[in-house]
Amino acid sequence: MNAQITKGVNKNLNQYEEAKYNLQKKINKTVNSWKFRIMAGLIGIGIALIAIWVSFYTIYTWTEGHKLVYKQFFTYKFMIPFKDYKVIVEREIVSPIAEPDKKLSEAELVASDKIRKEKEREAFIERLYQATRFLESRVGFDKTTDATHVYCQSIGEVNEVGYFPEGNRKFCFADEAEQRLTLTRWFSKRLDGMTAQEALCLYVTGTRQPMCSRVMNIGL
């Protein structure tokens, strides 16, 4: 009876050892295979790249909210007969601080106000130019056959603003840039001694007057 039990136990132990050996063999075969090594290498590279990206991102977000200022402080230790020189570099974290508003001097205020007025004047004259161009020719799209702008278009030139020096209705500009410059200078010169209403009425009717239909059309 004991012999049979012993034989059974030995048989089970042999099967266990054989199964263990086969499993170990399969594990060794898998680990030593080139597919496993490539897969392990790719996983390792992926983990390394993720770690690098996280590190750089963390550093970037930290530096966005902080400013590093490096200062140098020099200390001296005097000994007889030698001098010991030591340099200490201190790192200080400083949050960005908005600079206080700079107060302008009286001269700067005057110059700033002058520039502002000049820009407002330029914008107003540009408004007069564009309004005149539209009301005189619909920006060149009006199809009235005997209109000056139609004639100028036929010879490759322009006059979309009704500009007739000395009553010449066949007067044309070489291009729109010349037309704009001429009318801008005309209004700029008149506005030095007239109101905008008077200058506009003078341009349209030839007579200086405080009110006319063009003024109402533009809404001055």
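Structural remarks
- Which listed residue is surrounded by 16 or more Cβ atoms within 10 Å (Cβ to Cβ), more than 25 Å from residue 207 (Cα to Cα) and touching a helix residue (DSSP H, G or I) at 6+ places or on another chain (Cβ under 6 Å), from 140, 162: 140
- Boolean, residue 185 is under 29 Å from residue 117 (Cβ atoms) and out of contact with any helix residue (DSSP H, G or I) (no Cβ under 9 Å at 6 or more places or on another chain): yes
- Considering only residues in region 166-220 that are without any contact (Cβ under 8 Å) to a residue 12 or more places away in the chain and of a type in the set (A, V, I, L, M, F, W, C), the one that is nearest to residue 120 (Cα to Cα) turns out to be 181.
- Only helices (runs of 4 or more DSSP H) whose full extent lies in region 174-220 are considered here, and the ones with at least 3 residues that are exposed (fewer than 14 other Cβ atoms within 10 Å of the Cβ) and at pLDDT 95 or above are 176-191.
- Only one of the numbered conditions (1) loosely packed, with under 10 Cβ neighbours inside 10 Å; (2) of a type in the set (A, V, I, L, M); (3) touching a helix residue (DSSP H, G or I) at 6+ places or on another chain (Cβ under 7 Å) is not met by residue 125, and that is (1).
- Selection from region 117-146 of residues that are β-branched (Val, Ile, Thr) and under 13 Å from residue 188 (Cβ atoms): 125
The values are calculated or read from the model by the stated rules, or taken from the named source; none is laboratory data. These numbers come from a predicted model, not from an experiment. Virtual Cβ from ideal backbone geometry, glycine too; neighbours counted across all protein chains shown.
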